[in-house]
Structures are given as structure tokens and as C-alpha cells.
Amino acid sequence: MTNIFKSPESKKILDRKYHEVLSQVRFPLESIWLETSYAKTHVLATGNETKEPVILLHGSASNSLALIET
């Protein structure tokens, strides 16, 4: 898999900001890693497990924070 970061430091900066914003979410989230035939995929799950699931996919060059209103 191609690395999108120009340096290890740039990855650390983005990871730190991602987790900072994610910690401000006002509802419970479960972080899940799924093995797929392509690669490991990170999923954030929330909501009522007895209801029909809804899957939201963010665009490229983005992440799940684009779909979360904090």
C-alpha cells in the first residue's frame, strides 16, 4: 500500500489531530479494525444495534471525521 505521508512526523501530526477531534464526539463510538482482501480497514461504529445499519463512506483524501459533527 502506498504511503500518503511525506514524513513520519506529518503522519504523527495528522494522527494526533484526528484523535483530538474524535475525543470531542458527544456519542459513543466503537473503533473496529476489519481484515479485508485488500487491506486492514478501520471502522467507527455507533448507534442502536437492533436497527437496520447505515453505512457512511467518506471520499478519498478524507477520513471519518468528515462525517461526524462534533
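The values are calculated or read from the model by the stated rules, or taken from the named source; none is laboratory data. No experiment lies behind these values; they were computed from the predicted model shown. Every residue, glycine as well, gets a Cβ built from its backbone with ideal geometry; the counts of neighbours run over all protein chains shown. Just the protein is used for accessible areas: all its heavy atoms, side chains included, with ligands, DNA and RNA removed. Shrake-Rupley method; radii C 1.70, N 1.55, O 1.52, S 1.80 Å.
Can you confirm whether VAL43 is exposed (fewer than 10 other Cβ atoms within 10 Å of the Cβ) and of a type in the set (Val, Ile, Thr)? Quick ask: steps written out before the conclusion?
Working: exposed (fewer than 10 other Cβ atoms within 10 Å of the Cβ): no; of a type in the set (Val, Ile, Thr): yes.
Against the criterion (exposed (fewer than 10 other Cβ atoms within 10 Å of the Cβ) and of a type in the set (Val, Ile, Thr)), VAL43 does not qualify.
Residue-by-condition table, conditions (1) open to solvent by 70 Å² or more (accessible area, probe 1.4 Å); (2) among the small types (Gly, Ala, Ser):
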site	(1), (2)
SER7	no, yes
ARG16	yes, no
GLU20	yes, no
SER31	yes, yes
THR36	no, no
GLY47	no, yes
LEU65	no, no
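The rows are residues; the columns are (1) modelled with pLDDT of 90 or more; (2) part of a helix (DSSP H, G or I).
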| position | (1), (2) |
| --- | --- |
| MET1 | no, no |
| ILE4 | no, no |
| GLU9 | yes, yes |
| ARG16 | yes, yes |
| VAL25 | no, no |
| ASN48 | yes, no |
| LYS51 | yes, no |
| SER62 | no, no |
| ALA66 | no, yes |
